[in-house]
1. Which of 80, 147, 217 moves the most in a Gaussian network model of the chain with Cα springs under 10 Å?
2. Once you put a point 7 Å from the Cα of residue 69 and another 7 Å from the Cα of residue 144, both along the Cβ direction, what distance in nm separates them?
3. Counting DSSP beta bridges with both partners in segment 4-244, what percentage is antiparallel, nearest 5?
4. Order of 235, 110 from fewest to most other C-beta atoms within 10 Å?
5. Just 63, 187, 211 to compare: in a GNM of the chain, with alpha carbon springs under 10 Å, which one fluctuates most?
6. Counting pairs of alpha carbon atoms under 8 Å apart in space and at least six apart in sequence, what relative contact order in percent does segment 118-245 give?
7. Mind checking which of 119, 47, 11 has the largest fluctuation in a GNM of the chain, springs on alpha carbons under 10 Å?
8. Rg and Dmax of segment 4-244, Cα atoms, in Å?
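Read-outs throughout are calculated quantities, based only on the coordinates presented, and are distinct from any laboratory measurement. Remember, it's a predicted structure, so these values are computed and weren't measured experimentally. In this analysis, Cβ positions are derived from the backbone assuming ideal geometry, glycine residues included, and neighbour counts consider all displayed protein chains.
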């Protein structure tokens, strides 16, 4: 049996003019092909009432949390700064509930960009609402180069999942203006950019698979980026092992 992997969806207005007021549940197709190519069965989970969360999680063997809007700072007791971009509180609440139920069922979680951030917030951490105004970082974190190309390096920590998958040093793309400020107590930082920002997190509990990264490996899959393929392959493998246990 192939593992069924839930991908938490986003909402957008339909791009066709005649349907411009119609809301659409979607996920970037790179996630679908990435999971399928690594042997998993992708299943998109639309944002609905939280009463359906348990049913969704019962139906999957692992959860992917994708990129998208900024996360509401009200969730970590801060007022919104002027530099904050669009938020979607409905998505925030739904994904936090989804994370908690997935953890309750001890199923693997893979977070990407916003996915890393919402995992941290769900478990009690905080974020920089805007890097340039709050931290004055000295490397570029929103690249002008096409995202299919890597932009800056990361360094991984010893004895981590991310070190095993991508090595001590790797190069990644970058498309974020928010980042982890205070790391949740039950998580550990396992990769950093040259300016010290957290680029990957994992669970302190070795029986719970959590791997989340600040970059977009799903976009790099198109160029056969070896490290990105390794991230998706490992996640599908973890979900397969969950079936067997």
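1. 80
2. 3.0
3. 55
4. Numbers: 235 25, 110 29.
By the 10 Å Cβ count, ascending, the order reads 235, 110.
5. Of the options given, 187 has the highest mean-square fluctuation.
6. Values: 216 pairs, mean separation 31.3, N = 128.
The normalised contact order for segment 118-245 reaches 24 percent.
7. The residue that fluctuates most here is 11.
8. Rg, Dmax (Cα atoms, Å): 16.9, 54.
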